[in-house]
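Here is the structure we will look at, set down as C-alpha cells.
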Amino acid sequence: MRAARGALNWNLDRLSEESGVHRNTLSNFETRKYAGDPEKLDAAQRALETAGIIFTEENGEAGVAMRRFQPGDVVRFRRETRQRDGMPIVADERGVVVGVEEHPPQTGPTYRMWVRFAQAQVPGIFRYEYELVHTKFTDEEIALLEQLAQRDQTISGNKPRAGLARLTKFGYVTEESLNVSDTLYRLTNIGRAILALWKGGA
C-alpha cells in the first residue's frame, strides 16, 4: 500500500480521505501492526485503483504500476502542482484528456498529455502533474448524460440503468426518491460542464 501511495504522491491523510478509512488503521496496516479488516483494506485498495494504480504479481512478488492515461479520461491537476499557476483553471477543476504522447516519450522521464479544461487547453504537460478522477465514459454513460441534458428523467426501481451509478458517484447526476419505486435523476452543473468538454474532445 505504501508503494501505491508513493506512486500517486499521496500521504496517509489523502488515502484516508479518498477511502473513508481512518488514517491510524492505514498506518497500522502498512507497518504490519495488524492484518487489518478486509472490508477496510478493500476500500483502500478500491480508492488506489480508482486513482490509476494497478496491483501486480510476478514470480510471487507483489508490485504496483500506474495505469496509462487514455484520451477521454477525466483528470485534474495534482494538489501539489505549480503548473496551474497563471492558468484560468481552479483547484480540483476537471478536464478531459484529448491527447497522450506515444511510447516511448520524446523527452523527460515520462509521457506528456494534452488536456481540455473549460477555459483552457493545456498542451504537453507531463502525466505526473495530473491525477485520474475516473476513466473515460462508456457509450451508455454518454447517452444518459445527453438525455439528462435535455430533461430530467424518472426511472422505476425495477428498470435500473447501469450507467447511472458512476455518474451519481462522481457528482454528474443527482437522484431524488419520489416514492418507493420511482427515482428522479437530474443533471448537475458539473455534469453539464463535463459533457460539454467531452463533446469538444470527442
If we take region 153-202, then strands (runs of 3 or more DSSP E) inside it with 1 or more residues that are modelled with pLDDT of 85 or more, surrounded by 14 or more Cβ atoms within 10 Å (Cβ to Cβ) and under 18 Å from the mean Cα position of the chain (by Cα) are 173-177
For region 21-36, how many residues meet the condition of being over 17 Å from Phe55 (Cβ atoms) and either touching a Leu at 6+ places or on another chain (Cβ under 7 Å) or touching a residue at least 24 places away in the same chain (Cβ under 8 Å) (or both)? 2
Mind counting the residues in region 86-107 that are within 15 Å of Arg68 (Cβ to Cβ) and out of contact with any Lys or Arg (no Cβ under 7 Å at 6 or more places or on another chain)? 6
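Considering every residue within region 40-56, establish whether at least one is charged (D, E, K, R), closer than 30 Å to Arg192 by Cβ and in contact (Cβ under 8 Å) with a residue 24 or more places away in the chain. Give the steps one after another, and end with the answer.
Taking region 40-56 as the starting set, the residues that turn out to be charged (D, E, K, R) are 40, 42, 46, 49.
With the extra rule that they be closer than 30 Å to Arg192 by Cβ, the set shrinks to 46, 49.
If we keep only those that are in contact (Cβ under 8 Å) with a residue 24 or more places away in the chain as well, we get 46.
Yes, some residue in region 40-56 is charged (D, E, K, R), closer than 30 Å to Arg192 by Cβ and in contact (Cβ under 8 Å) with a residue 24 or more places away in the chain.
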Residue, nearest to the chain's Cα centre (by Cα), within region 101-146, restricted to residues that are acidic (Asp, Glu) and outside any loop (DSSP other than H, G, I, E, B): Glu131
Could you list, in sequence order, all residues of region 83-109 that are touching an Asp or Glu at 6+ places or on another chain (Cβ under 9 Å) and under 22 Å from Gly6 (Cβ atoms)? Gln83
How many of the residues making up region 102-143 are over 27 Å from Gly86 (Cβ atoms) and acidic (Asp, Glu)? 4
Can you tell which of Ala120, Ala149, Ala143 is under 19 Å from Leu195 (Cα atoms), of a type in the set (Gly, Ala, Ser) and touching a residue at least 40 places away in the same chain (Cβ under 8 Å)? Ala149
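The values are calculated or read from the model by the stated rules, or taken from the named source; none is laboratory data. Keep in mind that what you see is a predicted model, and the values were worked out from it rather than measured. Methodologically, a virtual Cβ is constructed for each residue, glycine included, from the backbone with ideal geometry; neighbour enumeration extends over all protein chains shown.
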